[in-house]
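Just below is one structure, and these are the notes that go with it.
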Amino acid sequence: MGTNVFDNLQTSPEMLRQIDNQYLSWGDTVHYQDNPIIVTGCQDGVMFGEGGHKYLSTGMWHSSCNFGYRNQQIENAVAEQLRTLPQACGDFLHAEKLLVAKEVVDAIYERTGVKGRVSFNVGGSLVVEDALKIVRKNTGKNKVAVMMGAYHGRSFETLNLSASHRYREYYNEFPGRAQMFPFANCSQCFYDKKRETCELYCSRMINKAFSNEHYGLASERSTEIGAFVLEVCQGRGYVIPPKDFYQDFIPQIREKGVLILDDEIQVGMYRTGKLFAFEHYGFVPDIITLSKSFTNGLSPVSLVWARDELVNPDVFTPGHAHSNFANHPLGTVAALATWRYMMAQDYETTVPQKGDYFLNGLRRLQEKYDFIYSVDGLGLLLNIVFADEQGTPYGRSASIASEIAQDNDFEWKGERWRMLLQAGGYDLNVIKLAPYLDITHSEIDCTIGVLDQVFEKIGRIIA
Ligand SMILES: Cc1ncc(COP(=O)(O)O)c(C=O)c1O
């Protein structure tokens, strides 16, 4: 069970909420919810909150803790670092940083045959910005392409890439906006096509846009696009594109000198059953970003890998990038311990097996509830789409489901549970599931059992 933080801090939930009301700016995302929970502890795939409630964490903080809350092996390494070298100026070398760099570079080389180098930064947005610097430095081009529905962060530069207009609307113009293309989001196709008959129309349209100078992006010789920035499977609705989607356009645009920048911040680290999601799709990126589960959520240290020719010391000379905390020893030791923990498991076998077991449970729910339009999964990245028979989304239905799951008690095998559900999709009509990768079959049964009860309640609202 979680420790009781209120005893230690001699405070009460009411008092904490009063502080939140009076002292906090509400401009971050906490108050997307009317009544955010106050958390007090966590373990494996469960969060503990005020009132002694236990919450099944079905999204693991948007895939920031793939290896379980309070993973003992990783936690011990950080605790040990606290006693040895907890602080060090980013301008020094230290073993933790160098070892994790080597292990990541070697792992990518083993999988792709491509030699690369890495650097570190703080959090996802800043490391995507570092990746954009690598693009600009090497191609001389500012403009990049992205997919509709993409999310690459909310710093000023990454706001040029993230799809949602909502994030930009408060801040006037963004002259550096990325060129945007429809993604292969087959349950909600931009072109209103059906997957069975579309012959990957969306992919062909990307090729077409680069094929004729009068479409405004490229001539036969060159293009104004420096890189295509991708989330291989999209975080917005855990959208899993068809297997041949990327092969259909990446080789052609590469011939024009476009670099492929693969943002694996949410779907890397074995989330999909492979170390990197790109491994399912038959291409090798030029640049890869990692954050979130890179330190299993213990620190914001993030990483960018790039092909050696893009970042070797002749090209990327000292000072091209910097952040005071980028190489923090507590963060890099968390990354090293996480990497070693991850590599010692057999996730390439277990994650697909558990993913199939989970997806079968979701299919049973789909048979039972006619507001479930589709379910899908790749490893332990899964989605449930709420829509009518024609595929018209039930707007906000996933948000309503997540409120119900979070604010009510459900019983499973004599124990009381609440549930944290991630809502996503273009119309907040998709439940996004990303449980911790060591989840057991009986924990999956419990999750499906509680979801069933949540859907019984939401069914009455949707119907
Ligand atoms: C794919 C992807 N890229 C970038 C980011 C931005 O990361 P951060 O919130 O740490 O800046 C996120 C965060 O959700 C993400 O999912």
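The values are calculated or read from the model by the stated rules, or taken from the named source; none is laboratory data. None of the values given here were measured: they were computed from a predicted structure. When we count neighbours, we look across all protein chains shown, and the Cβ atoms used for this are built from the backbone with ideal geometry, even at glycine.
Restricting attention to the stretch 435-457, and to residues there that are in a helix (DSSP H, G or I) and of a type in the set (Ser, Thr, Tyr), which single residue is nearest to Lys354 (Cα to Cα)?
Of everything passing the filter in the stretch 435-457, Ser442 is nearest to Lys354 (Cα to Cα).
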Item to check | Within the stretch 113-126, considering residues that are under 15 Å from Leu310 (Cβ atoms) and of a type outside the set (Gly, Ala, Ser), the one surrounded by the fewest Cβ atoms within 10 Å (Cβ to Cβ) | outcome: Lys115
Checklist entry - Taking the stretch 265-310 as the search range and keeping residues that are under 12 Å from Ala131 (Cα atoms) and hydrophobic (A, V, I, L, M, F, W, C), which one is farthest from the ligand (Cβ to nearest atom)? => result Leu310
Checklist entry - Does the stretch 21-44 include one or more residues that are touching a His at 6+ places or on another chain (Cβ under 9 Å) and within 25 Å of Ser293 (Cα to Cα)? => result yes
Checklist entry - Looking only at residues in the stretch 128-158 that are buried (at least 23 other Cβ atoms within 10 Å of the Cβ) and in a strand (DSSP E or B), which one is farthest from the ligand (Cβ to nearest atom)? => result Ala145
Checklist entry - Any residue at all in the stretch 21-37 that is at pLDDT 95 or above, farther than 30 Å from Ala321 by Cα, among the aliphatic types (A, V, I, L, M) and in contact with a Phe, Trp or Tyr (Cβ under 6 Å, 6 or more places away or on another chain)? => result no
Next on the checklist: With the structure loaded, tell me whether Tyr270 is within 18 Å of the chain's Cα centre (by Cα) and among the hydroxyl-bearing types (Ser, Thr, Tyr) or whether it fails that test.
Outcome noted: yes
Checklist entry - Considering only residues of the stretch 196-210 that are in contact (Cβ under 8 Å) with a residue 40 or more places away in the chain and assigned to a loop (DSSP other than H, G, I, E, B), which is surrounded by the fewest Cβ atoms within 10 Å (Cβ to Cβ)? => result Leu200
Next on the checklist: Looking only at the stretch 159-180, filter to residues that are away from the ligand (no atom under 16 Å from the Cβ) and of a type in the set (Phe, Trp, Tyr); which one of those is surrounded by the most Cβ atoms within 10 Å (Cβ to Cβ)?
Outcome noted: Phe174
Item to check | helices (runs of 4 or more DSSP H) contained in the stretch 1-111 and holding at least 3 residues more than 23 Å from the chain's Cα centre (by Cα) | outcome: 5-9, 13-23, 72-84
Next on the checklist: Going through Gly41, Gly27 one at a time, which residue ends up being outside the structural domain of Asp308 (by TED's automatic domain parsing), within 30 Å of Val454 (Cα to Cα) and within 16 Å of the ligand (Cβ to nearest atom)?
Outcome noted: Gly27
Checklist entry - Going by the conditions given, is Val333 assigned to a loop (DSSP other than H, G, I, E, B), in the same structural domain as Leu99 (by TED's automatic domain parsing) and in contact with a helix residue (DSSP H, G or I) (Cβ under 8 Å, 6 or more places away or on another chain)? => result no
Next on the checklist: I'm trying to understand the selection: among the residues of the stretch 139-159, which are touching a Lys or Arg at 6+ places or on another chain (Cβ under 8 Å) and touching a residue at least 24 places away in the same chain (Cβ under 8 Å)?
Outcome noted: Asn142, Gly149, Ala150, Tyr151
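Kindly indicate whether Thr332 is of a type in the set (Val, Ile, Thr) and touching a His at 6+ places or on another chain (Cβ under 8 Å).
For Thr332, the condition - of a type in the set (Val, Ile, Thr) and touching a His at 6+ places or on another chain (Cβ under 8 Å) - is met.
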Checklist entry - Mind checking which pairs have a first residue in the stretch 247-262 that is touching a residue at least 12 places away in the same chain (Cβ under 8 Å) and in the same structural domain as Phe210 (by TED's automatic domain parsing) and a second that is in a loop (DSSP other than H, G, I, E, B) and of a type in the set (S, T, N, Q), Cβ under 7 Å, 6 or more apart or different chains? => result Lys256/Ser222; Gly257/Ser222
